[in-house]
Amino acid sequence: MPAYQYEPFAYIRPPELDGGRSQAPIAIVGAGPVGLTLAIDLALRGIKCVVLDDNNVVSVGSRAICWAKRTLEIFDRLGVGERMLDAGVTWTVGRLFHGAEEVYSFDLLPEHGHKYPAFINLQQYLVEQYLVERCHDFPDLIDLRFLNKVVGHAETSTGVAVDVETPDGPYRLQAVYLVACDGANSPTRRRMGLDFVGQSFEEQFLIADIEMTQSPFGNSGVAERWFWFDPPFHAGKSALLHQQPNGIYRIDLQLSGNVDARLEATPEQVLPRIRAIVGDKPFRLDWVSVYRFRCAKLDRFVHGRVIFCGDSAHVVSPFGARGGNGGVQDADNLGWKLAALIQGIAGPGLLESYNAERGHGSAENILNSARATNFMTPKSPIEALFRSETLRLAHSQPFAQKLINSGRLSLPCSLEGHSLQTPGEAPLRPGSVVLDLPLADGSWLVEHVQGDFVLVGFGDIALPEVADLRRLGIDQAGPYPGFASTGDYAATRYGTGLAYLFRPDGHVAAVFAQPSADQVSAAMQRALGAVDCAVAA
Amino acid sequence: MRDNLGAGRDDFYSALMQAHEGLSEAQSHQLNVRLVLLMANEIGDLKRLRAVIELAGRCER
Ligand SMILES: Cc1cc2nc3c(=O)[nH]c(=O)nc-3n(C[C@H](O)[C@H](O)[C@H](O)COP(=O)(O)OP(=O)(O)OC[C@H]3O[C@@H](n4cnc5c(N)ncnc54)[C@H](O)[C@@H]3O)c2cc1C
């Protein structure tokens, strides 16, 4: 019996089939992690959306399992972060092996003073289940339509007409914007004939989830991450073992490019390999699949009223876990901008800034994922030689340990230099994402700065009053809400006597030493796209 | 030995791999020798050069 019981979501006959009409300005294609994140984000801003998905269950197979701190902070804002953290496995120790020998081990525990750890492991089907359940908290704002397959779309003078097929027949949906969150094989992208260019990797990877009651890591009960180059049980290739909740373990095995994927995925092939890793401890194979990875992206994410978000816009190899994490950050970047457009407060550069900022973020993710994949799959004898000598030096040399690349874990990109930010100098520079802090009342900074524009004063600084701008004081008293920080996190992360203007997605838009209402207001207008991207660039 | 590569380490490694792209094994060998000589000149200090020569040799097992 599989470890996860798939409960099909109900299909509800859409009103359009009976002459009704959706009032939602936003249509989202795809109820994967990215589409669902965007739907909840919009709902929290009071913006209605329709989410169309051709399927009626969550992700089949666990697929993404590593969720990064920044993603968890975004999920916190959406009201599901703590649930994910409680359900997930927090990593503690990483071990790297070359052949049968351990090269070194490292502490994966996060830096102190953050609500969320650097990473948790949680199966994609659980992440999607929690997001769907959160969507159900907004029945008036999120119209989730399962078994609704999008088969066509066309721009109209006022928006987009979307053609949908259902078990009860076809209908046409009207929306102002169409957001394609329809995954790596995006039918929307194909329909529009857009180029999706990048690098494909020859090697194939076997991905297996196994269920075990005894830990393959030994008896300590500690969650570890083991990575092998050239293991004795899988000569010349790489292997990865890590832990998910509920006694499930993930194994990634590199295969040669020319093997028959279907044959490799048969139990006769898979079981002996797994036994070689976990020894004679009993296990059950829960899910197995063979992938060939690629890194590719669209040149532009915004095409008129059609916007691409998540895997439809960019795909990466999974080393470094940047696919789902990058996609959630796309949605985080897009939600408040779409809301501002619908509310009529966005400047001309706002939507274009999504294209520029997430184009930059995904290029960074692709660069990191491609480098990790290249390191894991040397293309020539000389590349293999450099790698094996790096591994040899790594037994004693810290610099060589750090050169070993089995995936550089997903970190949010900086948006410094992009048009929405006002340039400036500060401990946390404009464009950076919020750095968390513990506060004296037991809450965390990330619980107070995300969601809307907010001006946060640290230490001795007076915050001016600006229309439609929330104010918050840290370690200061003012005629607005305030908190005391604990430890010296605030001083080291933000400095003192400075005011930070945060965007609704938690990125720093501007920093001031002596903020006047006019300056702050101008920076906020700029962050709302008052400066045209094309002109600023 | 201290880690001096810092945040640029992946850029360095990928530039190194790129420099070898398309070369025959003999050409790669020659490139590596030129690199060692150039890097030695960049380090300059004989004491440090002897230390890295000794360390690289010691790792031979
Ligand atoms: C083996 C593996 C391991 C991975 N590990 C990680 C990891 O550890 N961390 C990480 O962050 N990422 C990881 N990823 C990547 C991650 O799974 C994806 O990046 C993520 O699923 C992208 O989400 P999405 O919502 O953009 O697309 P998807 O999850 O693909 O969702 C797209 C949705 O659109 C629907 N759809 C498609 N066409 C239509 C249509 N015509 N009409 C209506 N609906 C449609 C689909 O049914 C689907 O529900 C991994 C991927 C794989 C394969």
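The values are calculated or read from the model by the stated rules, or taken from the named source; none is laboratory data. Remember, predicted model here, so these are calculated numbers, not experimental data. So basically every Cβ, Gly included, is an ideal-geometry build from the backbone, and we count neighbours across all protein chains shown. Remember, those area values only see protein heavy atoms, side chains included, never the ligands or the DNA or RNA. Shrake-Rupley method; radii C 1.70, N 1.55, O 1.52, S 1.80 Å.
Answer yes or no as to whether A:A313 is touching a residue at least 12 places away in the same chain (Cβ under 8 Å), within 14 Å of chain B (Cβ to nearest Cβ) and buried (at least 20 other Cβ atoms within 10 Å of the Cβ).
Numbers: touching a residue at least 12 places away in the same chain (Cβ under 8 Å): yes; within 14 Å of chain B (Cβ to nearest Cβ): no; buried (at least 20 other Cβ atoms within 10 Å of the Cβ): yes.
It is false that A:A313 is touching a residue at least 12 places away in the same chain (Cβ under 8 Å), within 14 Å of chain B (Cβ to nearest Cβ) and buried (at least 20 other Cβ atoms within 10 Å of the Cβ).
Scan region A:1-53 for residues that are assigned to a helix (DSSP H, G or I) and within 16 Å of the ligand (Cβ to nearest atom) and jot them down. Steps first, please.
Step one: filter region A:1-53 for residues assigned to a helix (DSSP H, G or I), giving A:15-18, A:33-44.
Result: A:E16, A:P33, A:V34, A:G35, A:L36, A:T37, A:L38, A:A39, A:I40, A:D41, A:L42.
Can you pull out every residue in region A:59-81 that is open to solvent by 10 Å² or more (accessible area, probe 1.4 Å), not charged (D, E, K, R) and not in a loop (DSSP other than H, G, I, E, B)?
Within region A:59-81, just A:C66 meets the criteria.
Just checking, which of A:G79, A:G88 is within 18 Å of the chain's Cα centre (by Cα) and within 13 Å of the ligand (Cβ to nearest atom)? Outline the logic, then answer.
On the way: A:G79 fails: within 13 Å of the ligand (Cβ to nearest atom).
Within the list A:G79, A:G88, the selection yields A:G88.
Sort out which residues of region B:44-61 are part of a helix (DSSP H, G or I), away from chain A (no Cβ under 14 Å) and loosely packed, with under 12 Cβ neighbours inside 10 Å, and write them in order of number.
Correct list: B:L46, B:K47, B:R50.
Yes or no: region A:273-282 includes at least one residue that is among the basic types (K, R), in a helix (DSSP H, G or I) and open to solvent by 50 Å² or more (accessible area, probe 1.4 Å).
Within region A:273-282, the first condition is being among the basic types (K, R), and the residues that meet it are A:273, A:275, A:281.
Then keep just the ones that are in a helix (DSSP H, G or I); that gives A:273, A:275.
Restricting the remaining residues to those that are open to solvent by 50 Å² or more (accessible area, probe 1.4 Å) gives A:273, A:275.
Scanning region A:273-282 turns up at least one residue that is among the basic types (K, R), in a helix (DSSP H, G or I) and open to solvent by 50 Å² or more (accessible area, probe 1.4 Å).
Being open to solvent by 40 Å² or more (accessible area, probe 1.4 Å) and either out of contact with any Pro (no Cβ under 7 Å at 6 or more places or on another chain) or more than 26 Å from A:D441 (Cβ to Cβ) (or both) narrows it down to one of A:L109, A:L126, so name that one.
Numbers: A:L126 fails: open to solvent by 40 Å² or more (accessible area, probe 1.4 Å).
Only one candidate qualifies: A:L109.
Can you pull out the residues in region A:139-158 that are open to solvent by 30 Å² or more (accessible area, probe 1.4 Å), among the aliphatic types (A, V, I, L, M) and away from the ligand (no atom under 13 Å from the Cβ)?
Scanning region A:139-158 gives A:L141, A:A154.
Of the conditions (1) under 24 Å from A:C66 (Cα atoms); (2) open to solvent by 20 Å² or more (accessible area, probe 1.4 Å); (3) touching a Lys or Arg at 6+ places or on another chain (Cβ under 6 Å), A:D209 satisfies every one except a single condition; which number is it?
It fails just one condition, (2).
When you go through (1) more than 14 Å from chain B (Cβ to nearest Cβ); (2) closer than 30 Å to A:G335 by Cα; (3) open to solvent by 30 Å² or more (accessible area, probe 1.4 Å) one by one for A:A440, which number turns out not to apply?
Single failed check for A:A440: (2).
For region A:82-100, which residues satisfy the criterion of being outside any loop (DSSP other than H, G, I, E, B), open to solvent by 40 Å² or more (accessible area, probe 1.4 Å) and touching a residue at least 24 places away in the same chain (Cβ under 8 Å)?
So in region A:82-100, the residues outside any loop (DSSP other than H, G, I, E, B) come out as A:82-87, A:89-90, A:93-98.
Adding the requirement that they be open to solvent by 40 Å² or more (accessible area, probe 1.4 Å) leaves A:82-83, A:85-86, A:90, A:95, A:98.
Within region A:82-100, A:R83, A:L85, A:T90, A:R95, A:H98 meet the criteria.
Does A:A161 meet the test of being open to solvent by 20 Å² or more (accessible area, probe 1.4 Å) and among the aliphatic types (A, V, I, L, M)?
No; evaluated as a whole, the condition is false for this residue.
Quick test for you: out of A:I120, A:I142, pick the one residue that is farther than 30 Å from A:S388 by Cβ, in contact with a Cys (Cβ under 7 Å, 6 or more places away or on another chain) and touching a residue at least 40 places away in the same chain (Cβ under 8 Å).
Numbers: A:I120 fails: in contact with a Cys (Cβ under 7 Å, 6 or more places away or on another chain).
Only one candidate qualifies: A:I142.
Filter region A:33-56 down to residues that are charged (D, E, K, R) and either farther than 15 Å from A:P187 by Cβ or in contact with a Cys (Cβ under 8 Å, 6 or more places away or on another chain) (or both), then give me how many there are.
Taking region A:33-56 as the starting set, the residues that turn out to be charged (D, E, K, R) are A:41, A:45, A:48, A:53-54.
Remaining after also requiring either farther than 15 Å from A:P187 by Cβ or in contact with a Cys (Cβ under 8 Å, 6 or more places away or on another chain) (or both): A:41, A:45, A:48.
Going through region A:33-56 one residue at a time, the tally reaches 3.
Can you tell me which residues in region A:371-425 are more than 16 Å from the ligand (Cβ to nearest atom), surrounded by fewer than 18 Cβ atoms within 10 Å (Cβ to Cβ) and among the hydrophobic types (A, V, I, L, M, F, W, C)?
A:A384, A:L385, A:F399
Sort out which residues of region B:22-41 are more than 8 Å from chain A (Cβ to nearest Cβ) and either more than 15 Å from the chain's Cα centre (by Cα) or over 29 Å from A:L367 (Cα atoms) (or both), and write them in order of number.
Correct list: B:G22, B:S24, B:A26, B:Q27, B:L37, B:A40, B:N41.
Within region A:55-70, does at least one residue satisfy the condition of being out of contact with any Gly (no Cβ under 9 Å at 6 or more places or on another chain) and away from the ligand (no atom under 16 Å from the Cβ)?
no
Consider region A:283-316. How many of its residues are farther than 21 Å from A:N246 by Cβ and either near the ligand (Cβ under 9 Å from one of its atoms) or assigned to a strand (DSSP E or B) (or both)? Give the steps one after another, and end with the answer.
Residues of region A:283-316 that are farther than 21 Å from A:N246 by Cβ, as a first pass: A:290-316.
This time we only want the ones that are either near the ligand (Cβ under 9 Å from one of its atoms) or assigned to a strand (DSSP E or B) (or both), so: A:290-297, A:302-303, A:306-316.
The total comes to 21.
Table: residues versus (1) within 14 Å of the ligand (Cβ to nearest atom); (2) more than 14 Å from chain B (Cβ to nearest Cβ); (3) part of a loop (DSSP other than H, G, I, E, B).
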site: A:P318; (1), (2), (3): yes, yes, yes
site: A:G327; (1), (2), (3): yes, yes, no
site: A:K337; (1), (2), (3): no, yes, no
site: A:A346; (1), (2), (3): no, yes, yes
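For residues that are part of a helix (DSSP H, G or I) and more than 8 Å from chain B (Cβ to nearest Cβ), scanning just region A:391-415, find the one that is nearest to A:P110 (Cα to Cα). Let's see the steps before the verdict.
The first filter runs over region A:391-415 and keeps only residues part of a helix (DSSP H, G or I), leaving A:391-394, A:398-403.
This time we only want the ones that are more than 8 Å from chain B (Cβ to nearest Cβ), so: A:391, A:394, A:400-401.
Numbers: A:L391: 25, A:A394: 23, A:A400: 22, A:Q401: 19 Å.
Per the stated criteria, the residue is A:Q401.
Answer yes or no: is there a residue in region A:129-138 that is within 12 Å of the ligand (Cβ to nearest atom) and touching a residue at least 60 places away in the same chain (Cβ under 8 Å).
Pass one, region A:129-138, residues within 12 Å of the ligand (Cβ to nearest atom): A:131-132.
Now narrow it down to the ones that are touching a residue at least 60 places away in the same chain (Cβ under 8 Å): A:131-132.
Yes, the conditions are met somewhere in region A:129-138.
Return the pairs, sorted by first residue and then second, in which the second residue is open to solvent by 10 Å² or more (accessible area, probe 1.4 Å) and acidic (D, E), the first residue lies in region A:166-195 and is part of a loop (DSSP other than H, G, I, E, B) and away from the ligand (no atom under 14 Å from the Cβ), the beta carbons are less than 8 Å apart, and the residues are 6+ apart or on different chains.
Filtered contacts from region A:166-195: A:L194/A:D299; A:D195/A:D299.
Rundown of residues vs (1) touching a residue at least 24 places away in the same chain (Cβ under 8 Å); (2) in a loop (DSSP other than H, G, I, E, B), yes/no style:
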residue: A:S200; (1), (2): yes, no
residue: A:D209; (1), (2): yes, no
residue: A:T213; (1), (2): yes, yes
residue: A:V222; (1), (2): yes, yes
residue: A:W228; (1), (2): yes, no
residue: A:P231; (1), (2): yes, yes
residue: A:G236; (1), (2): no, yes
residue: A:H242; (1), (2): yes, no
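Test A:S353 against the criterion of being among the hydroxyl-bearing types (S, T, Y) and either surrounded by fewer than 22 Cβ atoms within 10 Å (Cβ to Cβ) or assigned to a helix (DSSP H, G or I) (or both), and give yes or no.
On the way: among the hydroxyl-bearing types (S, T, Y): yes; either surrounded by fewer than 22 Cβ atoms within 10 Å (Cβ to Cβ) or assigned to a helix (DSSP H, G or I) (or both): yes.
The answer is yes for A:S353.
Return the residues of region A:3-35 that are among the aliphatic types (A, V, I, L, M), in contact with a strand residue (DSSP E or B) (Cβ under 7 Å, 6 or more places away or on another chain) and buried (at least 18 other Cβ atoms within 10 Å of the Cβ); say none if nothing qualifies.
Listed by number, the residues that qualify are A:A3, A:A24, A:I26, A:A27, A:I28, A:V29, A:A31.
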